[in-house]
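All remarks here apply to the structure that follows.
What follows draws every value from the coordinates through simple rules; no lab data is involved. What you see is a predicted model; the values in this text were computed from it and never measured. For neighbour counting, all protein chains shown are included, and Cβ atoms are generated from backbone atoms with ideal geometry for every residue, glycine included.
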Amino acid sequence: MRKRPGALAGVAAAALSLAACSGGVLDPQGPIAAHDSKILLNAVGIMLVIVVPTIVGTFVFAWWFRASNARARYQPEFVYSGEIELLVWSIPLLIILFLGGVIWIGSHELDPFKPLEAQEKPVEIQVVSLDWKWLFIYPDQGIASVNELTVPAGTPVHFSITSASVMNMFFVPQLSSMIAAMNGMVTQLALKADNPGDFFGLSTQFSGDGFPGMGFTLHAVPAEAFAQWVDGVKQTGPTLDRAAYLSLAQQSLNVKPFTYRAIEPNLFQAITTQQIPPGPGPAAGRASPAVHSRPGD
């Protein structure tokens with residue numbers, strides 16, 4: 001029984017180690033995610049200033065006032081102490097104020113509409129959440145992709161995000177904050193991958209039968225490789241016009257990544273202003289059979 005506290009401490013340490021290297025929010029690979037992780041760890045540390053002494057104090061009081069301790073002073077008539085009240089309430093109050101200040105400053109520094117400071121021009125990407133897949137439009141390059149993102153490493157990326165169906169949440173844990181994709185609205189988000197790599201992205205808002213398949217991979221590649229990828233995409237694949245978009249917007253499950261070599265101008269604006277009607281949404285009925293290729297193939 002004496003080894004149990006040590007064993008529990010070992011398990012906790014192992015869990016924290018695994019969390020730190022699991023590719024999630026505690027393994028940031030960009031400036032936004034690094035700030036998010038710092039705020040999370042700071043908040044936990046600040047709250048532990050209250051939690052740890054409280055837990056220790058509970059055991060100390062239980063041990064000191066045990067029935068066999070003749071040195072303990074028992075005061076059954078004790079009702080109130082101003083000094084104790086001041087101590088008990090002032091420390092948590094100061095901690096809450098300090099924690100609120102950290103979050104207040106951090107939330108303004110991480111305003112999703114605030115562009116990242118960099119010499120390079122950010123890559124513009126328009127994001128549309130569908131049932132149940134992600135459409136990524138590159139307006140400056142004139143191409144688009146489904147369920148797969150490719151961006152240049154070390155270069156800021158600016159996202160304009162909307163939904164053509166129900167609300168979803170756009171999230172790349174190692175690179176960015178989580179932000180809502182809402183029908184008829186446009187939210188914004190900035191991120192940057194410090195180094196090349198593949199990063200998992202997902203929706204964290206349940207949206208029906210195909211929700212588990214709403215994952216995508218963000219490929220951060222060197223600038224030269226990004227330019228080559230753009231040139232390659234322009235050589236193959238269909239064109240994303242309104243007819244192709246309406247086909248893509250139909251409910252489908254587990255769609256494999258593919259690209260469009262060209263896009264119809266102002267398609268994203270037509271989606272956000274609802275010139276193109278929104279998708280049916282999960283409430284419209286059950287999903288169609290699983291799709292593993294381009295819609296229409």
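Observations on the model:
- All aspartates and glutamates inside 19 Å of Lys114 as judged from Cα atoms, apart from same-chain residues fewer than 8 positions distant: Asp36, Glu124, Asp194
- Loop-located GluC sites (Glu not before Pro) in the range 111-189 (DSSP state not H, G, I, E or B) with no more than 13 neighbouring Cβ atoms inside 10 Å: Glu117, Glu120.
- When the chymotrypsin sites (Phe, Trp or Tyr not before Pro) in the range 149-218 are filtered for DSSP coil states and for at most 14 other beta-carbon atoms within 10 Å of their beta-carbon, the remaining sites are Phe206.
- Centroid-to-centroid separation of the range 93-155 and the range 258-276 [C-alpha atoms, Å]: 20 Å
- The calculated FRET efficiency for His35 paired with Glu83, based on their beta-carbon distance and R0 = 41 Å, is about 0.55.
- Of Val25, Val123, Val49, the residue with the greatest mean-square motion in the GNM of the chain, using alpha carbon springs below 10 Å, is Val49.
- Only one item in [x] 41, 40, 38; [y] 87, 48, 40; [z] 80, 47, 35 matches Cα extents along the principal axes in Å derived from the coordinates shown, and that item is [y].
- For the options Tyr74, Tyr138, Tyr260, a Gaussian network treatment of the chain with springs between C-alpha atoms closer than 10 Å singles out Tyr74 as fluctuating the most.
- Theoretical FRET efficiency, 1/(1+(r/R0)^6), r = Cβ-Cβ of Phe65 and Asp111, R0 51 Å, to 0.05: 0.50
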